[in-house]
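The values are calculated or read from the model by the stated rules, or taken from the named source; none is laboratory data. Since the model is a prediction, treat every value here as computed from it, not as a measurement. Please note: Cβ atoms are built from the backbone with ideal geometry, for glycine as well, and neighbour counts cover all protein chains shown.
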Amino acid sequence: PEKTISVDAEPYSFEFDPETCALLIIDMQRDFLEPGGFGEMLGNDVSQLRRTIEPNKKLLAAWRSLGLKVIHTREGHRPDLADLPPAKKIRGRSATCIGDAGPMGRILVRGEAGHDIIPELYPLPGEPVIDKPGKGAFFATDLHAILQNLGVKQLIVTGVTTEVCVNTTVREANDRGYDCIVPEDCVGSYFPEFQAMGLKMIKAQGGIFGWVSDSTKIIAAMT
Ligand code: TIU
(Lines give C-alpha, C1' and ligand atoms only; values in the text may rest on other atoms or scores of the structure.)
Protein backbone atom coordinates (compact mmCIF):
# COMPACT_ATOMS: atom_id res chain seq x y z
CA PRO A 1 0.00 0.00 0.00
CA GLU A 2 1.22 3.46 -0.84
CA LYS A 3 2.32 5.51 2.11
CA THR A 4 3.57 9.06 1.80
CA ILE A 5 6.08 10.43 4.25
CA SER A 6 6.97 14.09 4.47
CA VAL A 7 10.49 15.18 5.46
CA ASP A 8 11.44 18.68 6.50
CA ALA A 9 13.89 19.75 3.76
CA GLU A 10 15.06 22.67 1.65
CA PRO A 11 13.79 24.29 -0.51
CA TYR A 12 10.52 22.68 0.66
CA SER A 13 9.33 19.42 2.20
CA PHE A 14 10.28 16.19 0.45
CA GLU A 15 7.39 13.74 0.02
CA PHE A 16 8.23 10.09 -0.55
CA ASP A 17 6.92 6.56 -0.44
CA PRO A 18 9.55 4.44 1.36
CA GLU A 19 8.78 1.43 -0.84
CA THR A 20 9.88 3.30 -3.98
CA CYS A 21 12.74 5.27 -2.41
CA ALA A 22 16.24 3.77 -2.26
CA LEU A 23 19.17 4.75 -0.07
CA LEU A 24 22.12 5.23 -2.46
CA ILE A 25 25.47 5.39 -0.66
CA ILE A 26 28.25 6.79 -2.84
CA ASP A 27 31.89 5.67 -2.64
CA MET A 28 32.36 5.25 1.12
CA GLN A 29 35.65 3.52 0.28
CA ARG A 30 38.69 2.98 2.45
CA ASP A 31 40.97 4.85 0.04
CA PHE A 32 38.87 8.02 0.38
CA LEU A 33 38.13 7.84 4.12
CA GLU A 34 40.79 6.00 6.05
CA PRO A 35 43.89 7.57 7.57
CA GLY A 36 46.79 6.31 5.45
CA GLY A 37 44.61 5.92 2.36
CA PHE A 38 44.92 7.47 -1.09
CA GLY A 39 42.85 10.55 -0.14
CA GLU A 40 45.08 11.40 2.80
CA MET A 41 48.20 10.57 0.77
CA LEU A 42 47.19 13.37 -1.62
CA GLY A 43 47.24 15.77 1.33
CA ASN A 44 43.51 15.78 2.06
CA ASP A 45 41.93 16.11 5.52
CA VAL A 46 40.03 12.82 5.90
CA SER A 47 38.32 14.00 9.11
CA GLN A 48 35.98 16.06 6.91
CA LEU A 49 34.83 12.76 5.38
CA ARG A 50 34.97 10.61 8.52
CA ARG A 51 32.41 12.94 10.14
CA THR A 52 29.82 11.32 7.81
CA ILE A 53 30.39 7.72 8.97
CA GLU A 54 28.25 7.80 12.13
CA PRO A 55 25.22 9.56 10.54
CA ASN A 56 25.40 7.16 7.56
CA LYS A 57 25.55 4.20 9.97
CA LYS A 58 22.41 5.36 11.76
CA LEU A 59 20.50 6.09 8.55
CA LEU A 60 21.57 2.76 7.05
CA ALA A 61 20.48 0.90 10.21
CA ALA A 62 17.09 2.63 10.15
CA TRP A 63 16.64 1.90 6.45
CA ARG A 64 17.64 -1.76 6.84
CA SER A 65 15.42 -2.24 9.91
CA LEU A 66 12.41 -1.25 7.78
CA GLY A 67 13.44 -3.65 5.01
CA LEU A 68 13.93 -0.83 2.48
CA LYS A 69 16.21 -0.77 -0.55
CA VAL A 70 19.91 0.03 -0.16
CA ILE A 71 22.43 0.39 -2.99
CA HIS A 72 26.17 1.04 -2.63
CA THR A 73 28.69 2.35 -5.16
CA ARG A 74 32.47 2.17 -5.46
CA GLU A 75 34.67 4.19 -7.80
CA GLY A 76 37.32 2.05 -9.41
CA HIS A 77 38.73 0.26 -12.40
CA ARG A 78 39.49 -3.16 -13.80
CA PRO A 79 42.86 -4.61 -12.74
CA ASP A 80 44.06 -4.33 -16.37
CA LEU A 81 42.90 -0.67 -16.36
CA ALA A 82 41.16 -1.22 -19.71
CA ASP A 83 38.29 1.01 -18.53
CA LEU A 84 40.55 3.81 -17.26
CA PRO A 85 40.57 6.74 -19.69
CA PRO A 86 44.16 7.90 -20.29
CA ALA A 87 42.95 11.43 -19.49
CA LYS A 88 41.87 10.30 -16.00
CA LYS A 89 45.06 8.29 -15.52
CA ILE A 90 47.40 11.25 -16.04
CA ARG A 91 45.19 13.96 -14.49
CA GLY A 92 46.78 15.72 -11.56
CA ARG A 93 50.37 15.05 -12.63
CA SER A 94 50.76 13.18 -9.33
CA ALA A 95 53.73 10.89 -8.78
CA THR A 96 51.24 8.19 -7.78
CA CYS A 97 48.13 7.61 -9.86
CA ILE A 98 45.22 5.19 -10.33
CA GLY A 99 46.49 1.64 -10.76
CA ASP A 100 49.79 2.28 -8.97
CA ALA A 101 50.69 0.57 -5.70
CA GLY A 102 49.22 2.61 -2.85
CA PRO A 103 49.02 2.28 0.93
CA MET A 104 46.12 -0.23 0.73
CA GLY A 105 46.82 -2.03 -2.53
CA ARG A 106 46.60 -0.69 -6.07
CA ILE A 107 44.83 2.66 -6.06
CA LEU A 108 41.14 2.55 -7.09
CA VAL A 109 41.48 -0.94 -8.56
CA ARG A 110 38.64 -3.40 -8.03
CA GLY A 111 39.49 -6.22 -5.64
CA GLU A 112 42.09 -4.20 -3.72
CA ALA A 113 41.61 -3.48 0.01
CA GLY A 114 41.59 0.30 -0.39
CA HIS A 115 38.94 0.16 -3.10
CA ASP A 116 36.46 -1.60 -0.84
CA ILE A 117 33.79 -0.04 1.33
CA ILE A 118 34.69 0.87 4.92
CA PRO A 119 33.74 -1.83 7.45
CA GLU A 120 31.31 0.48 9.28
CA LEU A 121 29.03 0.63 6.22
CA TYR A 122 29.81 -2.71 4.63
CA PRO A 123 27.09 -3.95 2.25
CA LEU A 124 24.91 -6.88 3.28
CA PRO A 125 24.37 -9.78 0.90
CA GLY A 126 21.46 -8.76 -1.32
CA GLU A 127 22.35 -5.05 -1.36
CA PRO A 128 23.55 -4.21 -4.88
CA VAL A 129 27.08 -2.79 -5.17
CA ILE A 130 27.63 -0.70 -8.29
CA ASP A 131 31.22 -0.58 -9.51
CA LYS A 132 31.57 2.65 -11.46
CA PRO A 133 34.49 3.89 -13.55
CA GLY A 134 33.43 7.55 -13.41
CA LYS A 135 32.24 10.14 -10.96
CA GLY A 136 28.54 9.72 -11.70
CA ALA A 137 26.96 6.41 -10.61
CA PHE A 138 24.90 6.16 -13.82
CA PHE A 139 27.79 6.42 -16.29
CA ALA A 140 28.76 2.99 -17.70
CA THR A 141 26.88 1.07 -14.98
CA ASP A 142 23.63 -0.86 -14.65
CA LEU A 143 22.29 1.41 -11.89
CA HIS A 144 19.40 2.83 -13.94
CA ALA A 145 18.26 -0.68 -14.99
CA ILE A 146 18.44 -1.90 -11.38
CA LEU A 147 16.43 1.08 -10.11
CA GLN A 148 13.82 0.60 -12.84
CA ASN A 149 13.54 -3.12 -12.09
CA LEU A 150 13.09 -2.36 -8.38
CA GLY A 151 10.45 0.29 -9.12
CA VAL A 152 12.54 3.03 -7.50
CA LYS A 153 11.48 6.62 -8.21
CA GLN A 154 13.28 8.59 -5.51
CA LEU A 155 16.75 8.45 -3.99
CA ILE A 156 18.35 9.43 -0.73
CA VAL A 157 21.92 10.11 -1.85
CA THR A 158 24.74 10.03 0.71
CA GLY A 159 28.50 9.50 0.67
CA VAL A 160 31.60 11.23 -0.66
CA THR A 161 32.54 13.62 -1.97
CA THR A 162 29.75 16.18 -1.93
CA GLU A 163 30.90 18.24 -4.91
CA VAL A 164 32.36 15.42 -6.99
CA CYS A 165 30.69 11.98 -7.00
CA VAL A 166 27.58 12.92 -4.98
CA ASN A 167 26.85 16.03 -7.08
CA THR A 168 27.54 14.27 -10.38
CA THR A 169 25.27 11.37 -9.40
CA VAL A 170 22.45 13.68 -8.26
CA ARG A 171 22.63 15.54 -11.59
CA GLU A 172 22.62 12.29 -13.57
CA ALA A 173 19.68 10.96 -11.50
CA ASN A 174 17.76 14.21 -11.95
CA ASP A 175 18.03 13.99 -15.74
CA ARG A 176 16.77 10.39 -15.61
CA GLY A 177 13.64 11.37 -13.71
CA TYR A 178 14.54 10.53 -10.11
CA ASP A 179 13.90 12.87 -7.17
CA CYS A 180 16.97 13.12 -4.94
CA ILE A 181 17.26 14.21 -1.34
CA VAL A 182 20.72 14.74 0.15
CA PRO A 183 21.13 14.63 3.95
CA GLU A 184 23.94 17.08 4.62
CA ASP A 185 25.35 15.27 7.66
CA CYS A 186 25.79 12.13 5.50
CA VAL A 187 27.84 13.75 2.71
CA GLY A 188 31.38 15.08 3.01
CA SER A 189 34.03 17.00 1.16
CA TYR A 190 37.74 17.51 1.82
CA PHE A 191 36.99 21.23 1.32
CA PRO A 192 34.49 22.98 3.66
CA GLU A 193 33.65 25.63 1.05
CA PHE A 194 32.81 22.96 -1.53
CA GLN A 195 30.63 21.16 1.03
CA ALA A 196 28.60 24.33 1.51
CA MET A 197 28.41 25.25 -2.19
CA GLY A 198 27.85 21.66 -3.34
CA LEU A 199 24.70 21.55 -1.20
CA LYS A 200 23.58 25.05 -2.19
CA MET A 201 23.81 24.14 -5.87
CA ILE A 202 21.38 21.24 -5.38
CA LYS A 203 18.65 23.15 -3.56
CA ALA A 204 18.92 26.56 -5.29
CA GLN A 205 16.34 27.76 -7.81
CA GLY A 206 13.48 25.91 -6.15
CA GLY A 207 15.44 22.65 -5.93
CA ILE A 208 17.05 22.67 -9.37
CA PHE A 209 18.61 19.21 -8.79
CA GLY A 210 16.83 18.11 -5.60
CA TRP A 211 16.36 18.57 -1.89
CA VAL A 212 18.76 19.01 1.04
CA SER A 213 17.94 17.85 4.55
CA ASP A 214 19.53 16.01 7.48
CA SER A 215 19.50 12.30 8.38
CA THR A 216 17.92 13.02 11.78
CA LYS A 217 14.95 14.62 9.99
CA ILE A 218 14.61 11.64 7.64
CA ILE A 219 14.79 9.16 10.53
CA ALA A 220 12.32 11.24 12.58
CA ALA A 221 9.84 11.26 9.69
CA MET A 222 10.09 7.47 9.33
CA THR A 223 9.36 6.61 12.94
N1 TIU B 1 33.97 9.53 -4.94
C2 TIU B 1 34.53 10.68 -5.29
O3 TIU B 1 34.05 11.76 -5.01
N4 TIU B 1 35.74 10.60 -5.97
C5 TIU B 1 36.66 11.58 -6.00
O6 TIU B 1 37.68 11.47 -6.68
N7 TIU B 1 36.43 12.67 -5.23
C8 TIU B 1 37.24 13.71 -4.98
O9 TIU B 1 36.78 14.65 -4.34
N10 TIU B 1 38.49 13.70 -5.40
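Selection within segment 153-179: residues that are surrounded by fewer than 24 Cβ atoms within 10 Å (Cβ to Cβ) and either part of a strand (DSSP E or B) or touching a residue at least 60 places away in the same chain (Cβ under 8 Å) (or both). The member of this set that is farthest from the chain's Cα centre (by Cα) is K153.
Please determine, by comparing only the residues of segment 26-46 that are part of a helix (DSSP H, G or I) and modelled with pLDDT of 95 or more, which one is nearest to V109 (Cα to Cα). Checked segment 26-46; the qualifying residue nearest to V109 (Cα to Cα) is D31.
Results for (1) more than 14 Å from the chain's Cα centre (by Cα); (2) within 15 Å of the ligand (Cβ to nearest atom); (3) crowded, with 19+ Cβ neighbours inside 10 Å; (4) modelled with pLDDT of 95 or more, shown as yes or no for each residue.
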site	(1), (2), (3), (4)
V109	yes, yes, yes, yes
A113	yes, no, no, yes
G136	no, yes, yes, yes
N149	yes, no, no, yes
V187	no, yes, yes, yes
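Put simply, of T73, T96 the only residue that is assigned to a loop (DSSP other than H, G, I, E, B), touching a Leu at 6+ places or on another chain (Cβ under 9 Å) and surrounded by 13 or more Cβ atoms within 10 Å (Cβ to Cβ) is T96. What residue, among those in segment 190-221 that are part of a helix (DSSP H, G or I), in contact with a helix residue (DSSP H, G or I) (Cβ under 6 Å, 6 or more places away or on another chain) and more than 16 Å from the ligand (Cβ to nearest atom), is nearest to V170 (Cα to Cα)? The residue in question is S215. Among the residues of segment 169-198, just one is among the aromatic types (F, W, Y) and touching a Lys or Arg at 6+ places or on another chain (Cβ under 8 Å), namely Y178. Applying a threshold of 8 Å to beta carbon distances and a minimum spacing of six or more residues, or different chains, the list of pairs starting in segment 10-33 at a residue that is in contact (Cβ under 8 Å) with a residue 60 or more places away in the chain and at positive phi and ending at one that is more than 16 Å from the ligand (Cβ to nearest atom) and in a helix (DSSP H, G or I) is empty.
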